[in-house]
Amino acid sequence: MIDVQFQGIGMTSRRTRDRLVTRLREQGISNEKVLAALRDTPRHIFIDEALSHRAYEDSSLPIGFNQTISQPYIVARMTELLLEDGPRENVLEIGTGSGYQTAILAQLVGQVFSVERIRNLQEKARKRLQQLKLRNVMFRHTDGGMGWPDKGPFDGIMVTAAPEQVPEELLAQLAIGGVMVIPVGDGGHQVLQRIRRLSEDEYQTETLDPVRFVPLLPGTVR
Ligand code: SAH
């Protein structure tokens, strides 16, 4: 549960966020837990003040370093896809960014392991999650293409930057019965994929919506 101090003031008002949830419903999001998490999470604290008046629009917005906070619809859609097979206990998130998707996940799964290659973004995200008193999250500054082997296998993997191909390391760290949601493709043409690991060496891939994410890049930035 998100702390009440963030509820009921100005643009964070319950009514503004209820409107966002109504729009998400109209666009086909139906998981009530996901909708409740988006309703209860103050998105404006994940955005620089100069843009925070746009926090409850359903659009992606710049967060610096050429990166963006994902559009609420896409956060809701990916979270719904991740949870469709049932509750998740330990989820790896690649691309913490602002930490908004991380905050949504933290309210819906057992434990979140979130990795980010840009140190500055990671530090800010960590503070925001602390502010919201979401404590079931561990952060790591690393190249997420390698996953987080010590903490795996994961029953959920959520990737919020697009590789041209699904990294082998991430497939290897997906538990049997686990689900990965990942945008795949180059800048011009990406699709959202859901990959289920059915057995030791059997994976099932569904190709879903066309999407636009920033690319998954190698290496780290201080
Ligand atoms: N879900 C985030 C989306 C941020 S954009 C949000 O809503 O705020 C994608 C993020 O992925 C960026 O912060 C980018 O720095 C990060 N990223 C890109 N390649 C990465 C990699 N190899 N490892 C970890 N993070 C990566």
| query | What are the residues in the stretch 94-106 that are touching a residue at least 60 places away in the same chain (Cβ under 8 Å), more than 6 Å from the ligand (Cβ to nearest atom) and more than 21 Å from residue 59 (Cβ to Cβ), if any? | reply | none
| said: I need the full set of residues from the stretch 115-173 which are hydrophobic (A, V, I, L, M, F, W, C), part of a helix (DSSP H, G or I) and near the ligand (Cβ under 10 Å from one of its atoms), in order please. | reply: 121, 125, 146
| remark: The residue that is farthest from residue 182 (Cα to Cα), considering only those in the stretch 194-222 that are within 16 Å of the ligand (Cβ to nearest atom) and surrounded by fewer than 12 Cβ atoms within 10 Å (Cβ to Cβ), is 222
| Failed criterion for residue 178 (all others in (1) buried (at least 18 other Cβ atoms within 10 Å of the Cβ); (2) within 15 Å of the ligand (Cβ to nearest atom); (3) of a type in the set (Gly, Ala, Ser) hold) | (2)
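Go through 26, 89, 80, 49 for me and flag whichever is farther than 24 Å from residue 217 by Cα and touching a strand residue (DSSP E or B) at 6+ places or on another chain (Cβ under 7 Å). So that I can check it myself, show each step before the final result.
Numbers: 26 fails: touching a strand residue (DSSP E or B) at 6+ places or on another chain (Cβ under 7 Å); 80 fails: touching a strand residue (DSSP E or B) at 6+ places or on another chain (Cβ under 7 Å); 49 fails: touching a strand residue (DSSP E or B) at 6+ places or on another chain (Cβ under 7 Å).
That would be 89, the only listed residue that is farther than 24 Å from residue 217 by Cα and touching a strand residue (DSSP E or B) at 6+ places or on another chain (Cβ under 7 Å).
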| Of everything in the stretch 63-89 that's more than 18 Å from residue 21 (Cα to Cα) and within 10 Å of the ligand (Cβ to nearest atom), which residue is surrounded by the fewest Cβ atoms within 10 Å (Cβ to Cβ)? | 66
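Return the residue satisfying two criteria in turn: it lies in the stretch 28-54 and is of a type in the set (Gly, Ala, Ser) and over 19 Å from residue 78 (Cα atoms), and of such residues it is surrounded by the fewest Cβ atoms within 10 Å (Cβ to Cβ).
Of everything passing the filter in the stretch 28-54, 50 is surrounded by the fewest Cβ atoms within 10 Å (Cβ to Cβ).
Any read-out appearing in this document is the output of simple, stated calculations on the displayed coordinates, not a laboratory observation. Since this is a predicted model, take the numbers as computed values, not measurements. Quick reminder, even Gly has a Cβ in these numbers, built from the backbone with ideal geometry, and neighbours come from all protein chains shown.
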